[in-house]
Structures are given as C-alpha cells and as structure tokens.
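Take a look at the structure set out below.
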Amino acid sequence: MIVFARLLKLMKIRSISKLLIAAPLAGLTLSLPVYADTLGESVAAQTAMVQSSQQSQARVDKLADQSDELLSEYKNVIRQIEGLKAYNDQNERIVSSQQAELSSLNTQISALEQTRTEVVPLMLRMVSALEQFVEADVPFQMDERRKRVADLRALMDRADVSTSEKFRKILEAYEVENEYGRTIEAYKASLGEGEQLRTYEFLRIGRIALMYQTPDGAETGHWNKDKKQWEALPETYRSAVSQGLKIAKKQAPPALIKLPVLAARAK
C-alpha cells in the first residue's frame, strides 16, 4: 500500500509537470497572432511617419527653393533700382547742363541778332569799298576782279546764304586782292577799241608795275599811274619786259631786270 501510494504520488507529480509545461506553450501559441498584429501596426505607423517626414521635407525643400528664387529676384530688383537711380541722377545732371547751355545759346542768339544788324551794313560797305578800290587800282585782270565784286553784290541779296558765309566770301575777295601785291603774273588780254583792239601779253609785278608787249615784241608799254593811262616804252625796255614775262611764266629762272617803276612821291 505504501508503494502504491508513492507510485500514485509520483504519477501526480509527473502529470502536474506536464500540465505546467503545456500551459506556457499553449499561452505562447495563443499570443503569437496578437504580437504579429501589433508589430505590423508598428511597422505601418513607422512607415507612415517616414513617408510623412519625407513629404514634409519635400515641402520644406520646395519652400527653400522658392525662398532662394525670391531672394535672387529681390537682389536683381535692388540692383536694377540702384542702376536706374544712378541713370536718373546722370540724366538730371545732363538735363541741367543742357538747360544751362540752352540758356547760353538763347543769350548768344539774342546777341547774334543784334550783331547781324550791325554786320550786314558793314559787309555792304566792304563790298562798295572793294569795288572802288578795284576801279582805282592798277587795271590788271579787270574782267575777273569786277566779276568778283558783282558776285559779292548778288550774294548779299540771297536769302539762302548765311551771314557768316557772306562775310567769309567777302574776306576771301579781300585776301585775293591783297595777294596780288605780293606776286608776279603773266596773262593775255586786249587793249583798244574797234580797229585798234589788239591782244597783248601783260606782265604784272605786284602793284608797282604793269607792262604789256605784243607777241612779236614789236611794241612794249606800261600803265602810268600818275596819268592813269597806257604809254609806250622805249625800245630799251623790250628785252627786260620779254625776260620778265618768261620769269612769270616759269620759263626762265628769277633774275634782275630793269623795268620802269615810278618812284613814290611825297604828298
């Protein structure tokens, strides 16, 4: 009986041990689906958080890019404003300078109008004086010189020519007349009227002597300033006048020649 009792006790202990071992396994078997669901939810939540973080970062990056673009545009606008300000300041200085110049020009124009009223009568007097001088001077190249004076008178009546241009032409005519006194010249012209009209070679030496000679050298003469007329010269001047004509035509080198020149007389 004692043995049976011990055996029964041992069998109970083994049964209890099996139950204790089986119970945790059963609990583990029952808790695996629950843990799997919890883990999936955690993973899904973590994934959603990562996606949300990525989306947020994308929005932040986009906003940063937009901010950079706006900042760049702002800087460009600032540079343009500064450039326009400098340009406007420069234009203001230019306009101010132009206004000062315009004021000066208006003053000059007013003065010019007054000067013109004084210059025109002066030019007319200069033309008249030139005409009188030509008629009283040694009578060389008279057709050319009279035409020059006539052209000046016609020029003075033209409205399409400026006052300055008229004045310049008058000064040119005076310069030409002045140049005659420093040069020598040989040219052909006619003397006489009707049957007495003949062509001569003339030799002008400044304004101190004006002589003529026929092409064959048979007749030689000069302009007498005192008598205001042409006079024949002695045969002794024939060679000198002929040589002077060659020098004036650059057909002979310069040389000393003896010509009839009236000495200046005290008045």
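Charge dipole (Cα centre; +1 on Lys/Arg Cβ, -1 on Asp/Glu Cβ; no other charges) of the stretch 36-175 amounts to roughly 700 debye. The apolar share of the surface of the stretch 183-267, taken as the fraction of accessible area on carbon and sulfur atoms (1.4 Å probe, ligands and nucleic acids excluded), comes to 52 percent. Of the peptides 59-65, 222-228, the ranking by mean beta-carbon count within 10 Å, highest at the top, reads 222-228, 59-65. Backbone N atoms of the stretch 57-73 closer than 18 Å to the 7 Å Cα→Cβ label point of residue 79 belong to residues 68-73. Two decimals is fine: what is log10 I(q)/I(0) at q = 0.19, 0.22 Å⁻¹ for the stretch 159-235, from a Debye sum with one equal scatterer on every Cα and no solvent? Here log10 of I(q) over I(0) equals -0.86, -1.02.
Computed from phi, the 3J(HN,Hα) profile of the stretch 78-88 under the Karplus parametrisation 6.51, -1.76, 1.60 (θ = phi - 60°) reads 4, 4, 5, 4, 5, x, 5, 5, 4, 5, 5 Hz, with x in place of Gly and Pro. Computed over protein heavy atoms with a 1.4 Å probe, the accessible surface of the stretch 172-225 works out to 53 Å² per residue. Projected over all directions and averaged, the alpha-carbon convex hull of the stretch 99-194 occupies 9.0 nm². Distance from the C-alpha centroid of the stretch 51-78 to that of the stretch 180-213: 101 Å, rounded to the whole angstrom.
Using the Cβ-Cβ distance between residue 159 and residue 195 with R0 set to 45 Å, the FRET efficiency from 1/(1 + (r/R0)^6) comes to roughly 0.45. Rounded to the nearest 20, the Cβ-based charge dipole of the stretch 94-137 about its Cα centre (Lys and Arg +1, Asp and Glu -1) stands at 220 debye.
Checking the cross-link pairs 147/258; 169/228; 225/258; 227/249; 147/227 against a 22 Å limit on the alpha carbon distance flags 147/258; 169/228; 227/249; 147/227 as lying beyond it. Taking a cut-off of 17 Å between Cα atoms, list the aspartates and glutamates near residue 188, but don't count ones fewer than 8 places away on the same chain. Output for residue 188: 143, 144, 201, 216, 219.
The values are calculated or read from the model by the stated rules, or taken from the named source; none is laboratory data. Predicted model, so just to flag it, every value in this text is computed and none were measured. All Cβ positions, even for glycine, are placed from backbone atoms using ideal geometry, and neighbour counts span all protein chains on display. Keep in mind that these areas ignore ligands, DNA and RNA; they rest on the heavy atoms of the full protein, side chains included. Shrake-Rupley method; radii C 1.70, N 1.55, O 1.52, S 1.80 Å.
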